[in-house]
1. Give me the percent relative contact order of chain B, please, defined on Cα pairs under 8 angstrom at least 6 residues apart.
2. What does the charge count near A:SER195 come to, summing +1 for each Lys or Arg and -1 for each Asp or Glu among other residues with Cβ under 13 Å from its Cβ?
3. Taking the Cβ of each residue in B:ASP62, A:ASP186 as the centre, tally the other Cβ atoms inside 10 Å and list the residues starting with the fewest.
4. For the charge dipole of the protein assembly as shown, defined by +1 on Lys and Arg C-beta atoms and -1 on Asp and Glu C-beta atoms about the Cα centroid, which residue among A:ASN16, B:VAL176, B:ALA32 has the Cα displaced farthest towards the positive pole?
5. If each of B:ASP319 and C:TRP91 carries a label point 7 Å out from its Cα toward its Cβ, how far apart are those two points in nm?
6. Looking at chain A as a GNM with Cα springs under 10 Å, which of A:GLY178, A:GLY86, A:GLY154 has the largest mean-square fluctuation?
7. Assuming a strict under-25 Å limit between Cα atoms, what lysine pair count do you get for chain C once near-sequence pairs (fewer than 8 apart, same chain) are dropped?
8. Pull up the cross-link candidates among the aspartates and glutamates for A:LYS174, meaning alpha carbon to alpha carbon under 12 Å and not fewer than 8 places away within one chain.
Amino acid sequence: MRGAATRFAGNPPYWNGPQLSGNWDVIRYYTAEHIRFTLIALALGVLFAFPIAYLSHRRPVLYPPILAMTNVVYAIPSLALFALLGPFLGYTNDKPIIVAMALYTLVILVRNIVEGLRAVPRNVTDAATGLGYGRLRQFAGVELPLAIPTIIAGMRLAAVSTISLITVGGAIGKGALGRMFADGIDRGIDVELTSGVIAVVLLALVADALLLTAGWLLTPWTRARTA
Amino acid sequence: MIQLDRVTKQFPDGTVAVDELSLELPTGEVLALLGTSGSGKTTTLRMINRLIEPTRGTISIDGRDVRSLDVHELRRGIGYVIQQAGLFPHRTVIDNVTTVPRLLGWDRRRSRSRAMELLELFGLDDSMSDRYPAQLSGGQQQRVGVARALAADPPVLLMDEPFGAVDPIVRAQLQVEFARLQRELGKTVVFVTHDVDEAITVGTQIAVLRTGGVLAQIGTPKDVLAHPTDLFVADFMGADRQVKLLGLLPASAVNQRRLADLPSDWEVVLDGAGRPTGWCRRGAPVTTEVITPVRPGATARAVLEAALASESGAAIHVDDHGVATGVSTLDDLSLASIEAAA
Amino acid sequence: MDPGAHRMSVLVEGVQWLFDSGNWWGNRGIVARVVEHLEYSGAALGVAFVIAFPIGLIIGHTGKGRFVASSTANVLRAVPTYGVVSLLFIWRPLTLWPLLLALAILALPPIMLNTAAGIANVDPQTRDAAEGVGLTGFQVLTKVEAPCALPLILAGMRSAANQVIATATVLGVKGQGGLGVFIFSGYGTQRYYIVYGASIAIIAIVLLVEAAFAVLQRRLVSPGLRVARIGKQLRSRKSITLVGNSAR
């Protein structure tokens with residue numbers, strides 16, 4: 001009971017009994033928190049990914065070292081990353097988790113954006129240059145739209161893995177729906193743990209579907225071909 | 001001999017790609033399957049090595065129904081060349097060429113020496129053999145593609161727009177090279193193309209297909225050019241089909257008049273040895289100009305070009321010594337005159 | 001104390017802990033944990049490969065079931081490994097082996113999808129030529145499609161290995177095994193230098209494995225495909241392949 005009390009410091013709702021009924025507020029509360037973490041992390045990741053990708057694309061010399069760095073970041077287990085960020089952001093708030101997720105997102109996105117840009121056919125970019133597009137306008141108006149399918153694929157991957165990874169924070173008393181895992185295992189409540197896992201999977205699938213739809217709406221030209 | 005007997009291919013979606021197609025190709029001939037896209041020419045080709053199975057009808061090679069043979073054995077016995085060569089990117093040139101011999105169980109040494117022989121025949125030197133396809137030019141890739149098809153010396157060769165992916169100059173080279181090799185090799189070849197000139201250059205027979213895989217006409221290039229069966233074939237062969245036909249005929253097929261029989265007031269000016277040096281109007285002063293005489297062995301098309309280039313509208317024929325032997329006018333180049341002369 | 005100095009000192013202590021031979025030996029020492037970590041990761045990868053590789057080959061070769069495969073992959077990616085490990089712990093706390101399943105789930109999508117995409121991306125002309133010269137379906141797969149797909153297949157395995165090794169950390173959640181044991185216990189006892197030391201060990205293992213895959217790529221992939229890739233970048237690619245990653 002003592003452990004549970006510290007875990008639920010503040011006023012989050014508390015799972016009562018071994019059953020599901022009466023505990024929906026717990027699921028709702030942590031789902032909302034999970035969505036909030038995810039959105040902030042994705043937004044941060046996207047914000048930094050585009051300039052870095054643009055730079056890697058314009059200056060191809062920079063891409064290999066950037067790629068190597070992203071590989072190292074990706075090799076860090078999430079728990080270790082939380083710890084590594086601890087001295088800078090504190091051990092007891094949500095920041096390390098969100099920043100860690102933003103970093104993973106960044107890593108996935110940079111790679112996908114650059115690969116997407118590289119896959120834009122050379123004749124298209126040549127034509128754009130020939131038509132007199134400026135560099136930035138060509139990037140925003142021609143290259144980026146054509147890279148959307150790859151970028152969306154990266155976003156889907158980033159969103160799904162972020163949603164799934166946030167739960168690891170449960171191990172350190174954080175991590176939104178992950179706290180239901182930790183509490184479930186601590187107090188031996190199968191139902192709480194199972195509900196948490198299902199909620200995470202559903203959330204990930206919904207996010208995936210939303211992004212898939214967004215990609216579909218953003219790239220009408222890819223549909224014209226099959227029609 | 002390749003025979004197609006009322007072959008029909010209907011795809012599951014209902015499209016009829018080839019409709020009741022019958023044709024016969026004697027051994028050693030090159031059949032150019034000519035048509036626009038949607039005319040079923042590639043489908044026809046692919047039915048011969050059973051990459052596509054016909055819905056109805058039979059295809060036989062030397063009297064044997066292709067369906068009576070094991071499909072892989074059948075294909076190993078037929079050379080197959082496609083656009084962009086379809087070389088295996090992970091294998092070197094030599095390993096690409098030895099593919100079929102190895103499948104047929106030839107030993108390594110025999111396969112390799114056969115492959116080297118072929119590469120030499122196609123003007124690819126030794127240093128090429130260990131390169132990978134990506135390191136070759138388009139024309140070189142196509143040569144390797146043809147070499148691979150010929151490696152096991154198959155009697156039949158199927159070629160699907162084999163020179164379609166290279167630039168016009170290289171394409172022309174490859175066509176001439178292929179025509180020359182074919183005269184030595186004497187394979188029975190089915191060659192798919194949408195290019196009339198290519199069909200004329202490589203084909204000893206041309207089959208023109210219309211949309212839906214219906215045979216519009218089959219015959220020698222000369223036949224098809226001279227006597228298209230209908231407006232479709234005439235259109236397809238082009239408004240310049242007469243010019244193309246002249247390209248296939250020897251200059252000797254064109255009526256030659258004696259120098260004195262020119263139906264105009266122009267006269268050929270000769271030097272002391274009887275060689276033409278220019279034209280002049282009868283009774284007027286000699287105007288020497290540059291002229292292009294038609295030499296022995298030239299095509300009838302050279303006669304046309306000489307006539308068009310000359311002020312008088314007539315071409316001068318010369319013998320091996322450059323001595324003028326006669327003249328031909330544009331009238332002599334009409335189809336009717338040529339056929340009358342033949 | 002100056003917070004900057006504190007940060008550095010914790011990191012330094014972590015490195016010291018890692019290199020202190022006193023912490024290496026014994027059945028709870030670093031070496032034993034590294035061996036465990038590799039064993040479990042390797043076993044999980046092996047299980048995933050045996051399942052995902054043939055499925056990927058079939059999907060790529062036949063072109064059927066791609067939608068089902070990618071949907072399944074998405075569901076698998078969404079499964080939180082930490083949650084599955086916790087569940088399995090509640091249900092079967094006695095042995096570690098069921099936990100391999102949780103890790104194998106992670107490795108399935110990249111291996112399956114990359115294999116399928118690699119095979120499907122083989123130039124249709126190449127495949128047509130292979131059939132046309134008389135290779136049997138099996139020969140087309142083993143002699144042409146698989147070698148051409150090898151770069152992507154290896155990339156998928158590399159990505160899977162990377163994720164599995166990093167994620168195997170969660171096997172330490174209740175002290176079961178692997179280097180994660182140090183990380184969880186370090187957190188529990190607020191001895192963060194142990195967390196750092198163990199993390200550095202995991203990162204080093206991941207990077208070594210990545211390097212091993214790079215060597216493998218060089219050894220196994222035909223040089224012809226490496227040259228081809230340069231030309232290919234100029235053309236657009238037909239389907240976009242992700243060297244996918246997911247949860248750890």
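1. On the way: 666 pairs, mean separation 56.3, N = 342.
Once divided by the residue count of chain B, the mean separation gives 16 percent.
2. Numbers: positive: A:ARG28, A:ARG179; negative: A:ASP25, A:ASP183, A:ASP190, A:GLU192.
Computed value for this residue: -2.
3. Numbers: B:ASP62 11, A:ASP186 15.
Going from least to most buried by this count: B:ASP62, A:ASP186.
4. Among A:ASN16, B:VAL176, B:ALA32, the one farthest towards the positive end of the dipole of the protein assembly as shown is A:ASN16.
5. Simple spin-label model gives 10.3 nm for this pair.
6. Greatest mean-square fluctuation among the candidates belongs to A:GLY86.
7. Details: C:LYS64/C:LYS143; C:LYS64/C:LYS238; C:LYS143/C:LYS232; C:LYS143/C:LYS238.
Close lysine pairs found across chain C: 4.
8. Leaving aside aspartates and glutamates fewer than 8 places away in the same chain, those within reach of A:LYS174 are A:GLU33, A:ASP94, A:ASP183.
Read-outs throughout are calculated quantities, based only on the coordinates presented, and are distinct from any laboratory measurement. Only a predicted model underlies this, so the values are computations on that prediction, with no experimental measurement involved. Here Cβ is always computed from backbone atoms with ideal geometry, including for glycine, and neighbour counts include all displayed protein chains.
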